1. What pairs come up if the first residue lies in the stretch 396-409 and is among the β-branched types (Val, Ile, Thr), the second is in a loop (DSSP other than H, G, I, E, B) and buried (at least 17 other Cβ atoms within 10 Å of the Cβ), and their beta carbons are under 7 Å apart, counting only those six or more places apart or on different chains?
2. Looking only at residues that are free of Cβ contacts under 8 Å to residues at least 24 places away in the same chain and of a type in the set (Ser, Thr, Tyr) in the stretch 248-282, which one is nearest to Leu420 (Cα to Cα)?
3. Can Asp372 be described as farther than 26 Å from Ser295 by Cβ, assigned to a helix (DSSP H, G or I), within 24 Å of the chain's Cα centre (by Cα) and of a type in the set (Asp, Glu)?
4. Among the residues in the stretch 146-153, are any surrounded by 17 or more Cβ atoms within 10 Å (Cβ to Cβ), under 29 Å from Arg201 (Cβ atoms) and not assigned by TED's automatic domain parsing to the domain that holds Arg201?
5. So, in the stretch 325-346, exactly how many residues are aliphatic (A, V, I, L, M) and out of contact with any strand residue (DSSP E or B) (no Cβ under 8 Å at 6 or more places or on another chain)?
6. Counting only residues that are among the aliphatic types (A, V, I, L, M) and in contact with a strand residue (DSSP E or B) (Cβ under 6 Å, 6 or more places away or on another chain), how many does the stretch 224-259 have?
7. Could you list, in sequence order, all residues of the stretch 415-425 that are surrounded by fewer than 17 Cβ atoms within 10 Å (Cβ to Cβ) and in contact (Cβ under 8 Å) with a residue 12 or more places away in the chain?
8. Can you say whether Pro256 is assigned to a helix (DSSP H, G or I) and either touching a Ser or Thr at 6+ places or on another chain (Cβ under 8 Å) or modelled with pLDDT of 95 or more (or both), as far as the supplied structure shows?
Amino acid sequence: MVYERNSSKKVCVIGAGPAGLVAARELRKEGHDVVVIEQSHDVGGQWLYNPKVEEENPLGQDCDFLKVHSSIYASLRLTSPREIMGFTDFPFVVKKGRDTRRFPGHKELFFYLQDFCERFGLREMIRFNTRVENVEMLENLSFGKDLKWVVKSKAEKATVVVEEVYEAVVVATGHYSKPRLPTIKGMDAWKRNQMHSHIYRVPEPFKNEVVVVVGSSLSGQDISIELVNMAKEIHLSARSSLNISQGLSQVISKYPNLFLRPQIESLHEDGRVSFGDGSWIIADTIIYCTGYSYSFPFLDTKGIVVVDDDRVGPLFEHTFPPLLAPSLSFIGIPRKIIGFPFFESQAKWIAQLLSGKRVLPSWDYMMQSIKDFYQSRDVSGIPKHNTHDVASFEYCDKYADYIGFAHLEEWRKDLCLSALRNSEINLETYRDSYKQDEEMLQVALNSPHFTQLGPDQDSTQ
């Protein structure tokens, strides 16, 4: 698909979280006419904390449109230092009177996104409290430069659905809302409290309970540690003991009511939870910290883009469906990356493709690239549902090369790796004990990222 150079397009961005906001900014910089549709009352996406939960559907099953988007619990803190977060021209600096910690709570990142929105005047483009009901290709148009999209949306208190035509759609809805659940024998028959971490907010409801936490990744660790002073017992069920870090092992040995268990074998009507090693307990609650699935219930591409076991595709470089690009694109699909700079590079590429400054490779090239990527994952034994787990600085740099965007700074990479190492050793304390990183921190603060601040930024550290 080829666009005329410097042409302006009418573009719909779906979602006003980090990815949607930076997409809106970059699209407007390229001269496009941008509308952002956001189902919540403010910007932030996942970072807009919502104390409400899906009370009627605690497992989030068989529900395309969840009432609550955010999965953040009240005590959540960042797992990465603030210095590596933030967009390249708008660093996530300390603000007087706010959360000044290097690993601040979720509210501080929400404030940062509000600051970003205000700094670049993005609110005027956003329709809040509006849900996208359907996105589909305009009929009677063949694939090519004239491809257009019909977007149907409905405001929260409106009685009618608004139907509009756009020349491009950018999907930036995130992927931490629709629960991914395991398949466990007896799961449907177990009559006690089962819930996904999507609806976990505070520990008080679990006072004096026996709780099984399924999954030993970040949320499973956080929730288990938070429950030790509230629940009677916490049994952390991990797929493999080989994945248990030194830091988590130390925490488990520290608390007499926190136990490490193998994978659940089966659940029983009488409340029993049987584990793979033959042991069992009677539990009151099971909290599944088992991740999230990609879901785009509003998007109708006539089967061109599908979600198959959490593989969204086919997507060239996790962003463009070859047959529909660049009129349809996705921002924020990759996981396990330094998100904000990557979202920014995606947004720049999309905006410049739509304006005609850049062109994509041929359809054949893109499809072969996708095929080769899938094959490499299969050869490496990586499950399909982990297709978009990138976890590679090199990939982020390769992506940036498509548009001549700056590579990730070495200090950013070093701070990221240091935080990971420290969390594996001192899980409970690494967010507040980071003196060993002071040299790297000074390198960061002396970089152009922090020394070239905008007029409303506070460089106090």
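1. Ile403/Arg358
2. Only one residue tops the list, namely Ser249.
3. On the way: farther than 26 Å from Ser295 by Cβ: yes; assigned to a helix (DSSP H, G or I): yes; within 24 Å of the chain's Cα centre (by Cα): no; of a type in the set (Asp, Glu): yes.
When the stated conditions are applied, Asp372 does not pass them.
4. Yes, the conditions are met somewhere in the stretch 146-153.
5. The first filter runs over the stretch 325-346 and keeps only residues aliphatic (A, V, I, L, M), leaving 325, 328, 331, 333, 337-338.
After this cut, where a residue has to be out of contact with any strand residue (DSSP E or B) (no Cβ under 8 Å at 6 or more places or on another chain) as well, the list is 337-338.
Number satisfying all stated conditions: 2.
6. Going through the stretch 224-259, the residues among the aliphatic types (A, V, I, L, M) turn out to be 225, 227-228, 230-231, 234, 236, 238, 242, 244, 248, 251-252, 258.
Next, only the ones that are in contact with a strand residue (DSSP E or B) (Cβ under 6 Å, 6 or more places away or on another chain) stay: 227-228, 231, 234, 236, 252, 258.
So the count comes out to 7.
7. In the first step, residues of the stretch 415-425 are kept if they are surrounded by fewer than 17 Cβ atoms within 10 Å (Cβ to Cβ); the result is 417, 420-421, 424-425.
Glu424, Ile425, listed by residue number.
8. Details: assigned to a helix (DSSP H, G or I): no; either touching a Ser or Thr at 6+ places or on another chain (Cβ under 8 Å) or modelled with pLDDT of 95 or more (or both): yes.
Taking the combined requirement at face value, the residue does not satisfy it.
The values are calculated or read from the model by the stated rules, or taken from the named source; none is laboratory data. Just so it is clear, the structure is predicted and the values come from calculations on it, not from any experiment. So basically every Cβ, Gly included, is an ideal-geometry build from the backbone, and we count neighbours across all protein chains shown.
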